[in-house]
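Down below is the structure, laid out as structure tokens.
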Amino acid sequence: MNINMTLIGQSITFAIFVWFCMKFVWPPIMAALDERKTKIADGLAAAEKGQHEEGLAKQRALEILKKAKGEAGEILAGAQKRASEIVEESKGTARTEADRIVQSAHAEIEQDVNRAREELRGKVVSLAVAGASKVLKREVDAKANDDLLKDLVSQL
Amino acid sequence: MASETVTSTEYIKHHLQNMTYGQHPDGHWGLAHSAEQAKEMGFWAIHVDTMFWSIILGVFFLWLFRKAAKRATSGQPSGLLNFAEWIVEFIDTSVRGSFTAKNNLVAPLALTIFVWVFLMNLMDLVPVDWLPLLAGWVGSTMFGADPHHVFFKVVPTTDPNATIGMALSVFFLTIFYSIKVKGLGGFVGELTLQPFSAKNPLIKVAFIPVNFFLEFVSLIAKPISLALRLFGNMYAGEMIFILIAMMFSAGIGMGIFGGFLQLGWAIFHILIITLQAFIFMTLTIVYMDMAHSEH
């Protein structure tokens with residue numbers, strides 16, 4: 001336990017160690033720590049900003065949804081209206097078409113009836129003429145009685 | 001362990017003697033073979049073991065932290081860097097807490113003191129006989145020395161030279177910064193014009209010797225208390241380890257008892273070595289702060 005040169009040696013060693021620590025150890029570690037601190041602060045700020053923006057986006061999305069719902073309702077209403085219109089329209093065309101078909105059928109039937117009537121009339125005339133000639137036992141001059149027959153035909 | 005041929009006194013003395021290299025009275029340079037020879041070498045001798053372990057530990061500290069510093073990244077830290085950052089942040093908080101001025105030296109100084117002193121103190125937890133026995137074996141087999149004359153003290157902080165050397169370095173730093181910050185006049189004024197002061201210049205001058213005496217004592221007390229506090233604590237702790245180690249040669253019962261005592265004291269000592277390193281660091285920071293601030 002003598003006081004000797006070790007004291008000086010220790011002082012020199014100490015000085016060298018402190019110098020080395022000050023030059024090569026402390027600054028890089030401290031720089032990294034500081035840098036990380038700012039990084040974390042930035043990250044937190046960004047997170048906060050992100051949260052804020054998320055809120056805004058949610059609100060915006062809600063608005064858009066509302067608007068879309070309204071539009072969809074409008075479109076639906078329009079479509080319904082249009083559909084009923086189309087139905088009405090087709091009903092109308094169907095009705096007119098049906099009328100037209102019925103009318104043409106009527107006309108055809110009438111025509112047929114008329115034709116049949118004409119035919120019947122002709123047959124009746126010839127039958128009547130044949131009957132009459134048989135009754136009279138003589139040839140009735142068809143030409144001579146043409147006016148009479150025509151009159152008869154028109155009466156049938 | 002104390003063998004039969006060594007008495008307790010010799011055992012303790014052997015453990016408390018540093019390996020000293022210096023000039024023998026007859027003129028040649030070499031290691032001291034006894035405490036008396038070491039004493040005769042006077043001031044111009046050096047404790048090889050103290051220097052060896054303090055440099056080894058200091059280099060280990062710097063190597064470890066330099067490795068961490070090279071890996072320093074602002075991203076995710078891992079392993080060693082995490083550990084280094086933990087200590088650096090702790091030191092940084094301490095420095096910011098007690099040091100108000102701006103000086104880039106103080107924080108690295110505090111870091112060096114804390115880790116270095118801690119590591120040197122930590123050597124106290126190595127069982128007291130291991131390294132001296134190893135040194136004795138190396139000395140006797142490689143250099144043909146008598147193992148009883150190979151002294152080896154592994155805890156540098158139990159050598160007052162080490163603690164006084166560090167305390168004096170801190171002391172000169174505080175004086176340097178005192179003069180640098182306040183000027184020579186300010187420094188001298190701080191030493192002579194307070195705590196007693198008066199409006200009357202004549203009385204003021206009369207107070208100077210009293211003030212100087214008071215302030216000088218308190219100035220000198222700083223490095224001495226700094227050095228002796230660390231030295232005393234570690235020396236006492238080492239002494240108790242040595243005394244416990246002596247129980248191992250006193251039969252199996254005492255040996256087991258001594259083992260428990262050693263374990264208990266070692267666990268308690270973990271607190272002491274950390275605390276002493278912390279106190280040395282904190283006081284250094286406080287002294288540096290005082291050097292930077294005006295009264």
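Applying the criterion of being in contact with a Ser or Thr (Cβ under 7 Å, 6 or more places away or on another chain) and within 14 Å of another protein chain (Cβ to nearest Cβ) to the residues of the stretch B:107-147, the residue that is surrounded by the most Cβ atoms within 10 Å (Cβ to Cβ) is B:Met120.
The strands (runs of 3 or more DSSP E) located wholly in the stretch B:10-63 include none with 2 or more residues which are surrounded by 15 or more Cβ atoms within 10 Å (Cβ to Cβ) and of a type in the set (Lys, Arg).
Among the residues of the stretch B:86-106, just one is open to solvent by less than 10 Å² (accessible area, probe 1.4 Å) and within 8 Å of chain A (Cβ to nearest Cβ), namely B:Val88. Taking the stated definitions as given, is A:Ile40 assigned to a helix (DSSP H, G or I), open to solvent by 80 Å² or more (accessible area, probe 1.4 Å) and more than 14 Å from chain B (Cβ to nearest Cβ)? It is false that A:Ile40 is assigned to a helix (DSSP H, G or I), open to solvent by 80 Å² or more (accessible area, probe 1.4 Å) and more than 14 Å from chain B (Cβ to nearest Cβ).
Evaluated against (1) open to solvent by 40 Å² or more (accessible area, probe 1.4 Å); (2) more than 29 Å from B:Leu275 (Cβ to Cβ); (3) part of a helix (DSSP H, G or I), B:Thr73 falls short on exactly one condition, (3). For the stretch A:19-29, the candidate set comprises residues that are within 7 Å of chain B (Cβ to nearest Cβ) and either over 10 Å from B:Leu62 (Cβ atoms) or not aliphatic (A, V, I, L, M) (or both); within that set, the residue that is surrounded by the most Cβ atoms within 10 Å (Cβ to Cβ) is A:Cys21.
The values are calculated or read from the model by the stated rules, or taken from the named source; none is laboratory data. Because the structure is predicted, anything quoted here is derived from the model rather than measured. For neighbour counting, all protein chains shown are included, and Cβ atoms are generated from backbone atoms with ideal geometry for every residue, glycine included. Areas reflect the complete protein model, heavy atoms only, side chains present, ligands, DNA and RNA absent. Shrake-Rupley method; radii C 1.70, N 1.55, O 1.52, S 1.80 Å.
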